[in-house]
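A.B. asks: First, the structure itself, so that you have it in front of you.
The values are calculated or read from the model by the stated rules, or taken from the named source; none is laboratory data. Remember, predicted model here, so these are calculated numbers, not experimental data. Cβ placement follows ideal geometry from the backbone for every residue including glycine, while neighbour counts extend to all protein chains displayed.
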Amino acid sequence: MKFQEYTLCKEIKQNLQELGYIKPTDIQYKAIPSILKGEDVLAIAQTGTGKTAAFVIPILEILYNRTRQKRHKQIQCVIMEPTRELVIQTARVCNQLAKQTSITTLGLLGGVEQDPQIAVLEKGVDILVATPGRLFDLISQGYVSLQNLKILAVDEADHMLDLGFINDIRQLLRHIPRYRQTLFFSATISPEIKDLAYSLVHKPVRIQISPKDPVSKNIDHFVSYIEMDDKRFFLEQFITSHSTNKILVFVRTKVRAERVKSAMERVGIATETIHGDKIQKERNQIMKQFSDGTIHVLIATDISARGVDIPNIDFVINYDLPDEVENYVHRIGRTGRGTQRGTSISFCSSSEKEMLQNIETFISKPISVLEIDKSTYKQTILESSEFRLPIKELLQEIDEIEIRKKKKKKK
Ligand code: AMP
């Protein structure tokens, strides 16, 4: 069934059409009718499946019908997100899909001044998209009241747990009505997630998208065996031979991110990094530049890039394999989004083979190996620009010595 045949107001249908959303994705097909009926939903769906719109579309439709009857704006829906980037992204989807309606959304994030946010809150908003920190700050200062909340959505719940937000979520329950609709979305399910979910939802409809294969069908993913010290040469070669593509490179730590950046700089390749040490303004700017294509290679750590929706990423390179197996799915899920296709390659060193096995167990399949034969391996290292300069200089030096020798002989 196409979106145009759904019972949605004409404005939302028009906005869906403008975004090029013609048919619902699996998760949207399964979640939208239940949410519209007012049911609680517990959904296991990884990012890239269209899960954001799966809750935003029905939330907007519900609020559309409610705001028509209300004169005063009150916060009717809170969408909790684990990271600032996700707040920005989800608030953007809300705004895009709510165009021409009177529904307003505010993205509440920490790390930026609170006065402009307070000014918007004082005018009144329908939807708050927030990370726990700033939301609680503003609740305690009395700028946010959630007494009339109708819908609570918790997005990327597993990541909320990873970041230690479990108590914040529980604390939130003290500020919101007991009778509400709760939508709980998580990419993975664990006993802890189940506990959290069942403490929030009431008789939920359960939805699970491709449980056996958490990797989107749109992604081709491979592994190549490359030793730790050689990885930079292979990255250099990959970037050079895909100079028009958008490439996201994952590393394990902030320090590694900066090191890889410097290694690329040495061979004349411009990249940017995004990690927890960068201030929010800088992170936003880098994300914007990567989104619009000004930067074509971004080196990221897991935390900073989780859940982030950047259009048209062609390749995800796992320069380091992730410590947490779930992160493999999140990382490669940055490409092949919506209806697009994408490719991911993991560089696996001898010391990372166990991690690879764990990932394969987690996704219940072996990852196809992109074999590199010995001579190509050597060649890739030898062809690195890192060596080109010294060799040139060396040859020049040898020439000069020869000339000097000849001159001496003549004398
Ligand atoms: P998400 O899983 O919410 O991060 O969404 C992944 C990507 O899918 C985003 O870039 C969306 O714009 C895109 N998307 C979501 N729903 C649809 C749809 N019904 N048709 C086409 N693209 C979609």
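A.B. asks: Considering only region 112-122, I want to know if a residue exists there that is away from the ligand (no atom under 15 Å from the Cβ), of a type in the set (S, T, N, Q), more than 17 Å from N148 (Cβ to Cβ) and in contact with a strand residue (DSSP E or B) (Cβ under 7 Å, 6 or more places away or on another chain).
C.D. replies: Yes, there is a match, as at least one residue in region 112-122 is away from the ligand (no atom under 15 Å from the Cβ), of a type in the set (S, T, N, Q), more than 17 Å from N148 (Cβ to Cβ) and in contact with a strand residue (DSSP E or B) (Cβ under 7 Å, 6 or more places away or on another chain).
A.B. asks: I would also like to ask the following. Give region 153-172 a look and list any residue that's free of Cβ contacts under 8 Å to residues at least 40 places away in the same chain and more than 18 Å from the chain's Cα centre (by Cα), or say none.
C.D. replies: Answer for region 153-172, where residues must be free of Cβ contacts under 8 Å to residues at least 40 places away in the same chain and more than 18 Å from the chain's Cα centre (by Cα): G164, I166, N167, D168, R170, Q171.
A.B. asks: Next up: Run down A45, A54 and say which single residue is out of contact with any Leu (no Cβ under 7 Å at 6 or more places or on another chain) and under 14 Å from Y6 (Cα atoms).
C.D. replies: A54
A.B. asks: Considering region 89-104 alone, what residues qualify as being within 21 Å of the chain's Cα centre (by Cα) and within 19 Å of L149 (Cβ to Cβ)?
C.D. replies: Within region 89-104, T90, A91, C94 meet the criteria.
A.B. asks: For region 1-25, name all the residues that are near the ligand (Cβ under 10 Å from one of its atoms) and not in a loop (DSSP other than H, G, I, E, B).
C.D. replies: Within region 1-25, F3, L16, L19 qualify.
A.B. asks: Let me ask you something else. State whether one or more residues within region 93-111 are away from the ligand (no atom under 16 Å from the Cβ), assigned to a helix (DSSP H, G or I) and surrounded by fewer than 24 Cβ atoms within 10 Å (Cβ to Cβ).
C.D. replies: Looking for residues that are away from the ligand (no atom under 16 Å from the Cβ), assigned to a helix (DSSP H, G or I) and surrounded by fewer than 24 Cβ atoms within 10 Å (Cβ to Cβ), one finds none in region 93-111, hence no.
Conditions tested, residue by residue: (1) in a helix (DSSP H, G or I); (2) within 14 Å of the ligand (Cβ to nearest atom); (3) among the hydrophobic types (A, V, I, L, M, F, W, C); (4) farther than 17 Å from E156 by Cβ.
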site	(1), (2), (3), (4)
P311	no, yes, no, yes
D320	no, no, no, yes
H330	yes, yes, no, no
T343	no, no, no, yes
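A.B. asks: Continuing with the same structure: Only one of N148, N65 is in a loop (DSSP other than H, G, I, E, B), more than 16 Å from the ligand (Cβ to nearest atom), at pLDDT 90 or above and surrounded by fewer than 16 Cβ atoms within 10 Å (Cβ to Cβ). Can you tell me which?
C.D. replies: None of the other options fit; the residue is N148.
A.B. asks: Pick from F136, F55: which is closer than 24 Å to S291 by Cβ and in a helix (DSSP H, G or I)?
C.D. replies: None of the other options fit; the residue is F55.
A.B. asks: Another question, if that's okay. Just checking, how many residues over region 1-48 are within 21 Å of S102 (Cα to Cα) and among the basic types (K, R)?
C.D. replies: Result for region 1-48: 2.
A.B. asks: Moving on. Is it the case, given these coordinates, that A119 is under 30 Å from Q285 (Cβ atoms), free of Cβ contacts under 8 Å to residues at least 12 places away in the same chain and either hydrophobic (A, V, I, L, M, F, W, C) or not assigned by TED's automatic domain parsing to the domain that holds S190 (or both)?
C.D. replies: So A119 passes the test.
A.B. asks: Under 7 Å between Cβ atoms, at least 6 apart or on separate chains: pull out the pairs that start in region 38-50 with a residue that is at positive phi and end on any residue that is more than 16 Å from the ligand (Cβ to nearest atom).
C.D. replies: G38/Q181
A.B. asks: Another one. Any idea which of K194, K203 is of a type outside the set (F, W, Y) and free of Cβ contacts under 8 Å to residues at least 24 places away in the same chain?
C.D. replies: When all the criteria are applied, what remains is K194.
A.B. asks: Could you please give the count of residues in region 34-51 that are touching a strand residue (DSSP E or B) at 6+ places or on another chain (Cβ under 9 Å) and either near the ligand (Cβ under 7 Å from one of its atoms) or assigned to a helix (DSSP H, G or I) (or both)?
C.D. replies: Qualifying residue count, region 34-51: 4.
A.B. asks: Name the residue that is modelled with the lowest pLDDT, counting only residues in region 368-411 that are polar (S, T, N, Q) and assigned to a helix (DSSP H, G or I).
C.D. replies: Applying the filter and picking the extreme gives Q396.
A.B. asks: List every residue pair whose Cβ atoms sit under 7 Å apart, with the two residues 6 or more apart in sequence or on different chains, where the first one lies in region 15-26 and is in the same structural domain as F55 (by TED's automatic domain parsing) and the second, anywhere, is near the ligand (Cβ under 6 Å from one of its atoms).
C.D. replies: Close Cβ pairs satisfying both conditions: Y21/A53; T25/T49; T25/G50; D26/T49.
A.B. asks: Any residue in region 334-356 that is within 23 Å of K261 (Cβ to Cβ), in contact (Cβ under 8 Å) with a residue 24 or more places away in the chain and surrounded by fewer than 16 Cβ atoms within 10 Å (Cβ to Cβ)?
C.D. replies: The answer is yes, given that some residue of region 334-356 is within 23 Å of K261 (Cβ to Cβ), in contact (Cβ under 8 Å) with a residue 24 or more places away in the chain and surrounded by fewer than 16 Cβ atoms within 10 Å (Cβ to Cβ).
Rundown of residues vs (1) surrounded by 19 or more Cβ atoms within 10 Å (Cβ to Cβ); (2) touching a residue at least 40 places away in the same chain (Cβ under 8 Å); (3) closer than 18 Å to E39 by Cβ; (4) touching a Gly at 6+ places or on another chain (Cβ under 8 Å), yes/no style:
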residue: Q208; (1), (2), (3), (4): no, yes, yes, no
residue: I219; (1), (2), (3), (4): yes, yes, no, yes
residue: F222; (1), (2), (3), (4): no, yes, no, no
residue: I226; (1), (2), (3), (4): yes, yes, no, no
residue: K231; (1), (2), (3), (4): yes, yes, no, no
residue: T240; (1), (2), (3), (4): no, no, no, no
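A.B. asks: Out of all the residues in region 242-259, is one or more over 19 Å from R331 (Cα atoms), acidic (D, E) and assigned by TED's automatic domain parsing to the domain that holds H330?
C.D. replies: The answer is no; no qualifying residue exists.
A.B. asks: Sticking with this structure for a sec: So which of F136, F55 is within 16 Å of the ligand (Cβ to nearest atom) and of a type in the set (F, W, Y)?
C.D. replies: It is F55.
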